[in-house]
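The values are calculated or read from the model by the stated rules, or taken from the named source; none is laboratory data. Being a predicted model, the structure only gives us computed values, none of them experimental. Every residue, glycine as well, gets a Cβ built from its backbone with ideal geometry; the counts of neighbours run over all protein chains shown. Note: areas computed on protein heavy atoms with side chains; ligands, DNA, RNA excluded. Shrake-Rupley method; radii C 1.70, N 1.55, O 1.52, S 1.80 Å.
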Amino acid sequence: MMDKYCRSEWGGWSGSWLPPLAFLGLNHTLLPLFMGNWDTWGPILLLQKHYFETTDEDVELAYEILEHYCGTRNVTMDHLSNMTDMFTDSLFWVGVDKYVDFHLQFSSRNVFQYINHHLNDISQSTWAGVPVLPGVSHADELWIEWGPMLGMNRTLSQEDVKASLHLTTL
């Protein structure tokens, strides 16, 4: 029954974890503190483990994942892009993959995916007054897909119009 009606579309963006990580990176006190407690934060954020259920194997796996993405356990500001990819994969794309697997158990309809790399003139970070970040942030595409957004009409640049038409006619 469900496959007659259910079509799924998933949108994503490059660097969904960039804003929280930029906060950690912009504050040079927090990044070393965060990385100095990787035994705790790694399993929680990468494996979605509660602190009291974390095993030694979970801690080692979190370090292996960190080394896979960053090439080292000694993470610095130079690894911000690597960490963004790591947390985006762990906290967003793994869930999307699980959703698609569940969806396909009950539906034979198509599943569509897009990854937004377009840097809008208006984005979550510029709208909120945050300094420009190096990449696209969570829900930035909403500004070019919906109007008005948050009750505000914005005039889109020519490039934003092209990206908008591309995303809304997939």
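Answer yes if at least one residue in the range 129-136 is in contact with a helix residue (DSSP H, G or I) (Cβ under 7 Å, 6 or more places away or on another chain), under 24 Å from Leu30 (Cβ atoms) and not β-branched (Val, Ile, Thr), and no otherwise.
Yes, because at least one residue in the range 129-136 is in contact with a helix residue (DSSP H, G or I) (Cβ under 7 Å, 6 or more places away or on another chain), under 24 Å from Leu30 (Cβ atoms) and not β-branched (Val, Ile, Thr).
Yes or no, residue by residue, for (1) in a helix (DSSP H, G or I); (2) surrounded by fewer than 16 Cβ atoms within 10 Å (Cβ to Cβ); (3) modelled with pLDDT of 80 or more:
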position: Asp3; (1), (2), (3): yes, yes, no
position: Leu24; (1), (2), (3): yes, no, no
position: His79; (1), (2), (3): yes, no, yes
position: Asp101; (1), (2), (3): yes, yes, yes
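Within the set of pairs 6 or more residues apart or between chains, which connect a residue that is more than 16 Å from Glu67 (Cα to Cα) and of a type outside the set (A, V, I, L, M, F, W, C) inside the range 31-51 to a residue that is open to solvent by less than 40 Å² (accessible area, probe 1.4 Å) and part of a helix (DSSP H, G or I) with Cβ atoms less than 7 Å apart?
Matching pairs, first to second residue: Lys49/Pro43; Lys49/Asp58.
For the range 119-139, enumerate the residues that are modelled with pLDDT of 80 or more and open to solvent by less than 50 Å² (accessible area, probe 1.4 Å).
Asn120
So which residues in the range 47-57 are over 22 Å from the mean Cα position of the chain (by Cα) and either of a type outside the set (D, E, K, R) or open to solvent by less than 80 Å² (accessible area, probe 1.4 Å) (or both)? Spell out the reasoning first.
Narrowing the range 47-57 to residues over 22 Å from the mean Cα position of the chain (by Cα): 51-57.
If the condition is that a residue be over 22 Å from the mean Cα position of the chain (by Cα) and either of a type outside the set (D, E, K, R) or open to solvent by less than 80 Å² (accessible area, probe 1.4 Å) (or both), then Tyr51, Phe52, Thr54, Thr55 are the ones that fit.
So how many residues does the range 65-77 have that are in a helix (DSSP H, G or I) and within 17 Å of Gly36 (Cβ to Cβ)?
4
Scan the range 145-168 and tell me whether some residue there is under 22 Å from Met35 (Cα atoms) and open to solvent by less than 70 Å² (accessible area, probe 1.4 Å).
Kept after step one, since they are under 22 Å from Met35 (Cα atoms), are these residues of the range 145-168: none.
Scanning the range 145-168, I find no residue that is under 22 Å from Met35 (Cα atoms) and open to solvent by less than 70 Å² (accessible area, probe 1.4 Å), so the answer is no.
Tell me whether the range 110-118 contains one or more residues that are open to solvent by 30 Å² or more (accessible area, probe 1.4 Å) and part of a helix (DSSP H, G or I).
No - not one qualifying residue is present in the range 110-118.
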